1. Under the condition of being within 27 Å of the chain's Cα centre (by Cα) and at pLDDT 70 or above, which residue from region 384-410 is nearest to GLU35 (Cα to Cα)?
2. Pick from GLN65, GLN73: which is loosely packed, with under 14 Cβ neighbours inside 10 Å and not basic (Lys, Arg)?
3. Between a residue in region 295-321 that is within 18 Å of ASN280 (Cβ to Cβ) and any residue that is of a type in the set (Lys, Arg), which pairs come within a Cβ distance under 6 Å, given they are 6 or more apart or on different chains?
4. Could you figure out which of (1) in contact with a helix residue (DSSP H, G or I) (Cβ under 8 Å, 6 or more places away or on another chain); (2) closer than 18 Å to PRO188 by Cβ isn't true of ASN370?
5. Answer yes or no: is there a residue in region 326-341 that is buried (at least 19 other Cβ atoms within 10 Å of the Cβ), in a loop (DSSP other than H, G, I, E, B), modelled with pLDDT of 90 or more and not aliphatic (A, V, I, L, M).
6. Of the conditions (1) farther than 30 Å from GLY81 by Cβ; (2) modelled with pLDDT of 75 or more, ILE379 satisfies every one except a single condition; which number is it?
7. What about THR314, is it modelled with pLDDT of 85 or more, of a type in the set (S, T, N, Q) and surrounded by 15 or more Cβ atoms within 10 Å (Cβ to Cβ)?
Amino acid sequence: MALAPAQVRVMDDQAHAARTLWNLLHDWWTMLPKERRSLAAADAAIRQARREIDWLGALPAQAAQAVLKTYFQAWKNCWDGRADEPNFKARFRAVMSVDIPQGRDLNIVRVHRRWGMVNIPKVGRVRFRWTKDLPVGKRAGTVDRITGARLVKDALGWHIAFRVQALEAAPEPHQGPEVGIDVGVSVPLALSDGDTKPHGEWLTEKEKAKLLRLEQQAAHRKTFRGCGEKTSRRLKRIYDQIQAFRATAKRRHLDWQHQTTTAIAAKYGVIVVENLTITNMTKSAKGTVENPGKNVRQKAGLNRSISQEAWGRTVELLTYKAARNGGTLHKVPAPGTSQRCSICGFTTPGSRESQALFVCKNPDCGWIGNADHNAARNIVHLYRIGLALVPAAGRAVVRRTRGVKPATAR
């Protein structure tokens, strides 16, 4: 979005007001007795807070109602076992965002091929990059229409995402083949049919050199700051530039994930992945004082590499894109897939000679091949013999009797 400096300040005030309103609502909800909690009482509390606290008025009334609905839905998800309970939104960790729940307030107009204009409450008319077709003008109808938008800020500025209601026909069952996918660090995605989905560096050499120079400048200037002193404006500008480079790398990674998962979902009818517990895989090897860990720095580097690949997000994208194309995604148990020979089924801990080479230790077999493709073939084999996990989404869903809430909701 192309915002003027004054409009940026207004949007920042709205985002901070929305975050504060969420925190006030959370404190109010958790302190009240269980019998006094209701959506109507929360709505009355929000209206009173907006009357008594002047700077909460920077947030439009409809956006404040959207905060209430989102918070109430978060508790419903918690009670149904689909998510954890809502918590406090910290200033520096929470994502700055504002909801526009009503599409009729937007008044979207396409200026030309690259840009459009949208009306944002209490901000005015704003230009935005037109990247996808939207049902506006003659294309808008009773079914295909824009129902709202969400404004999100990152290190590169403010962005807008529109909510579109569209009627789509149920897809026909996908007739494509089955494929197993093994995720890794050196080879991001290895498929059971021998294909790989690699990617390069997310930043160019020139960008990485500038990022390193900025990080060195930040570390040098930080030494001049005394204990308890505020960060200087010059150091803040350096931090903003560092965050912009990292946001650019993240955006390029997300673009690669979308393009890759779209191609896989369009080609294959059944997609099989491992049921990985990534949080356990990225635990620190530091250990305790009595039992200190080994190779702590090497394990920390591996943890960073695993986190940067965002395997969980890749699986989420594959899940909904496979369903949209008429296919299915299944998860199978992860233990042993990288140590089992896909030719004879013999399993030994030392079969993987290196990161890329697999050597079967069975005297009657002795097969040698790529370790990643071998693991991918084992993954799809587990699905074929009926070892797919249920539910396919991976996370266990705790079913509770309707009306029964967990003890943490008191």
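1. Of everything passing the filter in region 384-410, LEU389 is nearest to GLU35 (Cα to Cα).
2. On the way: GLN65 fails: loosely packed, with under 14 Cβ neighbours inside 10 Å.
The conditions single out GLN73.
3. Within 6 Å, the pairs are VAL296/LYS286.
4. (1)
5. yes
6. Failed condition: (1).
7. The answer is yes for THR314.
Here is a yes/no grid of residues against (1) among the aromatic types (Phe, Trp, Tyr); (2) modelled with pLDDT of 90 or more; (3) out of contact with any Lys or Arg (no Cβ under 7 Å at 6 or more places or on another chain):
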| residue | (1), (2), (3) |
| --- | --- |
| ALA15 | no, yes, no |
| HIS26 | no, yes, yes |
| MET31 | no, no, yes |
| ARG36 | no, no, yes |
| ALA44 | no, no, yes |
| ILE53 | no, no, yes |
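The values are calculated or read from the model by the stated rules, or taken from the named source; none is laboratory data. Please read these numbers as outputs of a predicted model, since none were measured by experiment. Note that we place each Cβ from the backbone using ideal geometry, even for glycine, and neighbour counts take in every protein chain shown.
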